[in-house]
Amino acid sequence: MATSDTLRYTRIPLTRGSGAIPAVGFGTLIPDPVATKQSTETALEVGFRHFDCAERYRNEEAVGDAMQEALKAGKIQREDIFVTTKLWNTNHRPERVKPAFDASRRRLQLDYIDCYLIHTPFAFRPGDEQDPRDERGQVIYDSGVTLVETWQALERLVDGGQCKSIGLSDITLDKLREIVAAARIKPAVVQVESHPYLPEWDLLEYCNLHGIVLLAFAALGHGMEPRLLDDPVIIGIAQRLRKTPAQVVLAWAVQRGTALLTTSIKPSRIQENFELSTIPEDAMREIRGITTSVRFNAVVETGVPGFIRRAG
Ligand SMILES: NC(=O)c1ccc[n+]([C@@H]2O[C@H](COP(=O)([O-])OP(=O)(O)OC[C@H]3O[C@@H](n4cnc5c(N)ncnc54)[C@H](OP(=O)(O)O)[C@@H]3O)[C@@H](O)[C@H]2O)c1
């Protein structure tokens, strides 16, 4: 579909780092490595240039393979893509940060990472077990390191040149304020759950004031109940504008000034999620008027992923 609407190509310049982040991002939280590689390839083909990864997803190699093939075939240049990955909770101790970063970079097969995030503000017992538990099944946290100490280790990665920007994920506004106050290199990106049922307006306002990009995950509500894409307001707008409900919700996210992540293993949906165009101001206002309030992912409370995508 030819269109002069450039919403899908929106790039948000980073004031706290180099480059610009494409607003419409593809998330790689896909359990199966074959599906990860295929979906990443499809995402590249349909036009996604922003990829969100994590050591916790255990599939950085598959994402890296897909990107390498596109790079080697000359379909993209390295500077065309923006790649984020994340430090897992078990690697918060400063001496573990650089090795974890280098391991992610190696698996992704990239010389540099565009943005490195602390996946959650919760430190778990350091080690190779990503989900350390005691005999009662309780998470084993690590009280031997502070978030500021971990942040300072990320700052040193930026000094090293192989990490272009740094940020936080699953963070509350209060904790973000603490890091901004203590930081030598301020956060460039904050990745949190956000969608019309959890718009996080206060956090967005703070981010705008401090030159931080708010990157929304679960932009489609994780596909969980209550289904955002079945919301009568969203459906009404979609019918009126001849778009899909997903396209309405994603356009809203870009137009209010956030970057976003979606994930699908279905090629037609990957394409649908990139083919965005502007929605009118009255539709933006209608979505803002939605009063349903839902947090789908409890990770922000414990550091434990509250939602793992089903396999297959
Ligand atoms: N920082 C964190 O703690 C954190 C937590 C969770 C996720 N994330 C990141 O955010 C990314 C996005 O994941 P998400 O679950 O939040 O994404 P999402 O896009 O909100 O939800 C994905 C679900 O929606 C379905 N879906 C995708 N496109 C659709 C469409 N056009 N119409 C109808 N259903 C659609 C998918 O099913 P199909 O695959 O069957 O299409 C899947 O079940 C992840 O990959 C990850 O990178 C970060």
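Values in this text are rule-based calculations from the coordinates and carry no lab data. Every value quoted in this text rests on a predicted model; they were computed, and no experiment measured them. Cβ placement follows ideal geometry from the backbone for every residue including glycine, while neighbour counts extend to all protein chains displayed.
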*Which residue out of Ser268, Ser264 is assigned to a helix (DSSP H, G or I), more than 25 Å from Gly19 (Cβ to Cβ) and hydroxyl-bearing (Ser, Thr, Tyr)?*
Ser268
_Please go through region 261-310 and give me each residue that is more than 16 Å from the ligand (Cβ to nearest atom) and of a type in the set (D, E, K, R), ordered by number._
Glu281, Asp282, Arg285, Glu286, Arg288
_Go through region 28-78 and report how many residues are under 19 Å from Asp111 (Cα atoms) and acidic (Asp, Glu)._
6
*Scan (1) of a type outside the set (Gly, Ala, Ser); (2) touching a helix residue (DSSP H, G or I) at 6+ places or on another chain (Cβ under 9 Å); (3) surrounded by 14 or more Cβ atoms within 10 Å (Cβ to Cβ) for the single condition Gln191 breaks and write down its number.*
(2)
*Do we find a residue being of a type in the set (Val, Ile, Thr), under 30 Å from Ser4 (Cα atoms), within 13 Å of the ligand (Cβ to nearest atom) and surrounded by fewer than 17 Cβ atoms within 10 Å (Cβ to Cβ) anywhere in region 224-238?*
yes
_For region 188-202, give me the residue count where each residue is away from the ligand (no atom under 14 Å from the Cβ) and in contact (Cβ under 8 Å) with a residue 24 or more places away in the chain._
3
*Could you say whether any residue in region 253-260 is among the polar types (S, T, N, Q) and either touching a helix residue (DSSP H, G or I) at 6+ places or on another chain (Cβ under 9 Å) or near the ligand (Cβ under 9 Å from one of its atoms) (or both)?*
yes
*Identify the residue in region 20-41 that is in a helix (DSSP H, G or I) and in contact with a strand residue (DSSP E or B) (Cβ under 9 Å, 6 or more places away or on another chain) and, among all such residues, is nearest to the ligand (Cβ to nearest atom).*
Ser39
